[in-house]
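Participant: The structure that follows is given in the form of structure tokens.
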Amino acid sequence: MKIQRNQRSGKKAIIASLSIAVAAIFGYLALNYQASDDSLVLAGIQADCGPDEAIFFSDAYFYGKNLTMHANGFNDAPASFLSIFLCNDCISSFKIGKNVRARLCQNTNCAGEDSRWDSAIDIVGPYTVNQLEDINDWISHIKLFPYNPDEEIFVQAFSLPEYGVGHAGLFPLGNFSSPDILKKHLNLPGNHGSISGMVVPNGYVAIIYDKDY
Ligand SMILES: [Ca+2]
């Protein structure tokens, strides 16, 4: 996959560059959603929380116990913190504000992140999920970072349709081979956890390939 500025009239250039048309065209249609304004907007997904906030809930649909964190304040919660302020391995829904980038890990201190593609996810706001799948009751460490969509360009990828989570990763400008995709916490095509939806910031394109180029 390649993420780059959209310097040409995108469609012909993109299709011509795909190695196998049929499989890739479906990817093209899904991948080249472009936000309707100049900011990165996650496909109509909104987060009704403060722009610097993220709120995590123990139950689906924002029920149960909850914990509010801030990108510029309380922004690092390992399992020992979660056990006190929310609960460990219990989170089922969350909201992430529009100026927040979140890394959510299966293990405290994100142990295993370097060796296992499925041990962490990365998401930028605004984003809301009302029922986690695959990673329900899984999160043991939350890290938040300030995020400015005007200065930091990320393609957001999700493993489930309709931007569900699933697994999720962020791709900055650049080229990504299969090992690189695994490092971004998504699996390879044809496998569980592979990319099923993406959001591409306005003015950029994601060129996808069905195999390494
Ligand atoms: Ca866990």
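Nothing in this text is a laboratory measurement; each read-out follows from the coordinates by a stated rule. Treat the numbers as computed from the prediction; the structure is a model and nothing was measured. Neighbour counts are summed over all protein chains in view; Cβ atoms, including those assigned to glycine, are modelled from backbone coordinates with ideal geometry.
Participant: So for 89, 114, fewest C-beta neighbours within 10 Å to most, what's the order? Please report the intermediate quantities before stating the final value.
Facilitator: On the way: 89 13, 114 9.
The fewest-first ordering by Cβ neighbours comes to 114, 89.
Participant: If you don't mind, another one. Fewest Cβ neighbours within 10 Å first, please rank 211, 95 accordingly.
Facilitator: 211, 95
Participant: Convert each backbone phi in region 199-204 into a coupling constant with the Karplus relation 6.51 cos²θ - 1.76 cosθ + 1.60 (shift: θ = phi - 60°), then list the ³J(HN,Hα) values in order as whole Hz, x for Gly and Pro.
Facilitator: With coefficients 6.51, -1.76 and 1.60, one gets 10, 10, x, 4, x, 10 Hz.
Participant: How large is the charge dipole for region 49-179, taken about the Cα centre, if only the Cβ atoms of Lys, Arg (+1) and Asp, Glu (-1) carry charge, to the nearest 20 debye?
Facilitator: Its charge dipole is roughly 180 debye.
Participant: Search the structure for amide H atoms under 5 Å from the amide H of residue 165, placed 1.01 Å from N in the peptide plane, and list their residues when 5 or more places away or on another chain.
Facilitator: 133
Participant: Something else about it: Anything over 21 Å Cα to Cα? Flag those among 98/183; 2/143; 65/183; 65/95; 2/183, in the order listed.
Facilitator: On the way: 98/183 24 Å; 2/143 27 Å; 65/183 32 Å; 65/95 14 Å; 2/183 15 Å.
Among 98/183; 2/143; 65/183; 65/95; 2/183, the Cα-Cα distance tops 21 Å for 98/183; 2/143; 65/183.
Participant: Under a 5 Å amide H to amide H cut-off, with H placed in plane at 1.01 Å, what residues pair with residue 204 once short-range neighbours are removed?
Facilitator: Residues meeting the amide H criterion: 6.
Participant: Tally Lys and Arg at +1 and Asp and Glu at -1 over the other residues with C-beta under 12 Å from the C-beta of residue 47: what net charge comes out?
Facilitator: Overall, the nearby charge balance is -1.
Participant: Another question, then. Please state, as a whole number in µm²/s, the translational diffusion coefficient that the Stokes-Einstein equation yields for region 105-213 at 25 °C and 0.890 mPa s, with Rh defined as the Kirkwood radius across alpha carbon pairs. Intermediate values should be presented prior to the final figure.
Facilitator: Details: Rh = 14.5 Å.
Here the translational diffusion coefficient equals 170 µm²/s.
Participant: Moving on to the next point. Got a sec? How would 154, 56 order by Cβ neighbour count within 10 Å, fewest to most? The partial results should precede the final answer.
Facilitator: Details: 154 22, 56 26.
With the sparsest Cβ surroundings first, the list reads 154, 56.
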